[in-house]
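Have a look at the structure below before the remarks.
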Amino acid sequence: MTSARTFGRLGTFVAAAGALLLATVTPAAAATAVATWAMNDTGTTMADSSGGGHTGTLHKVAVGQPGIAGTAFGFTGTGSYVSVPSSSDLSPGTGDFRFTLSVRFPAVPSAAVGDFDLLRKGLASTSGGDYKVEILRTGKAFCFYKGSAGAVSLSGGPNLADNAWHTLTCARVGESVVLTVDGRSFTKTGRIGSVANTATLFIGAKNKTGGDQYTGLMDEVSIVKG
């Protein structure tokens, strides 16, 4: 028969072990808003309401367009884009990272355009890697991250060229890339490593000299780390 004293000692041991376990568990880092662009602006700059100070400059962008929330930006093709100066917190490094935006466009990219680059930081030749989300000629969304260990990309969802609003999220979660299209997620796992560059962040185009320039509306863009 087990004595009450034995039960008492056992209870003390279990309590101590539980306290030790709780003490060694490290809480997960909270997600942090890096940039939030509502695109309700009326001038030549795009304000960042996150407090991160990531103000963008508009180039041939039509403001005050009907948005998914408030107003939106209209991108008209050649020479139409927003540029945001580089900052270390706009690069994922090795951590979790995601960016979200809403788009509305009536037609797929033409053969001359190639793809619609919606948001990207860096090119294939950029030192430190790059990331982007774009619309392929099929009208499907495409999400891409390239880092020091390799690149992971995937496309998913339907043809979005129906002149209706669609919300996309392109995320790096560990060594996986997750593309979410209107709430439906697609995942691909591979080796990415660190993604960190000093390139300008472009919205609506590949870069300032042209290429893959978007024609359509965009609204509610945000970047989150963690």
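The values are calculated or read from the model by the stated rules, or taken from the named source; none is laboratory data. The model shown is predicted, which means the values in this text are computed figures rather than measured ones. With ideal geometry, Cβ positions are generated from the backbone for all residues, glycine too; neighbour counts draw on all protein chains shown.
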With G114, G128 as the choices, which residue is of a type in the set (G, A, S) and closer than 18 Å to L160 by Cβ? G114
Quick check on region 30-48: of everything there that is farther than 18 Å from L119 by Cα and within 18 Å of the chain's Cα centre (by Cα), which residue is modelled with the highest pLDDT? T32
Hits in region 188-213 - residues which are out of contact with any Lys or Arg (no Cβ under 8 Å at 6 or more places or on another chain) and buried (at least 20 other Cβ atoms within 10 Å of the Cβ): I203, G204, A205
Inspect all residues belonging to region 153-168 and state whether any of them is polar (S, T, N, Q), in contact with a Lys or Arg (Cβ under 8 Å, 6 or more places away or on another chain), without any contact (Cβ under 8 Å) to a residue 40 or more places away in the chain and within 28 Å of G79 (Cα to Cα). yes
Of all residues in region 76-98, count the ones that are in contact with a Ser or Thr (Cβ under 6 Å, 6 or more places away or on another chain) and not polar (S, T, N, Q). 3
Of these, A171, A205, which one is part of a loop (DSSP other than H, G, I, E, B), closer than 26 Å to R104 by Cβ and under 17 Å from the mean Cα position of the chain (by Cα)? A205
Among D212, D219, the single one that is under 21 Å from V63 (Cα atoms), touching a Gly at 6+ places or on another chain (Cβ under 7 Å) and not in a strand (DSSP E or B) is D212
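So that you can scan it fast, the table gives a plain yes or no per residue for (1) of a type in the set (G, A, S); (2) crowded, with 20+ Cβ neighbours inside 10 Å; (3) closer than 20 Å to S153 by Cα; (4) without any contact (Cβ under 8 Å) to a residue 40 or more places away in the chain:
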| site | (1), (2), (3), (4) |
| --- | --- |
| T57 | no, no, no, yes |
| A69 | yes, no, no, no |
| Y81 | no, yes, no, no |
| L90 | no, yes, yes, no |
| F99 | no, yes, yes, no |
| R104 | no, yes, no, no |
| L123 | no, no, yes, no |
Checking the condition on the phi < 0 side of the Ramachandran plot and surrounded by fewer than 16 Cβ atoms within 10 Å (Cβ to Cβ), which residue from S185, S155, S222 passes? S185
For the list (1) in a loop (DSSP other than H, G, I, E, B); (2) more than 24 Å from S176 (Cβ to Cβ), I need the number of the one condition that G95 fails. (2)
In region 125-152, residues that are crowded, with 16+ Cβ neighbours inside 10 Å, small (G, A, S) and under 23 Å from S91 (Cβ atoms) total 5
Determine, yes or no, whether A111 is free of Cβ contacts under 8 Å to residues at least 24 places away in the same chain and small (G, A, S). no
Here are some conditions: (1) over 27 Å from A164 (Cβ atoms); (2) assigned to a loop (DSSP other than H, G, I, E, B). S83 meets all but one. Which one does it not meet? (2)
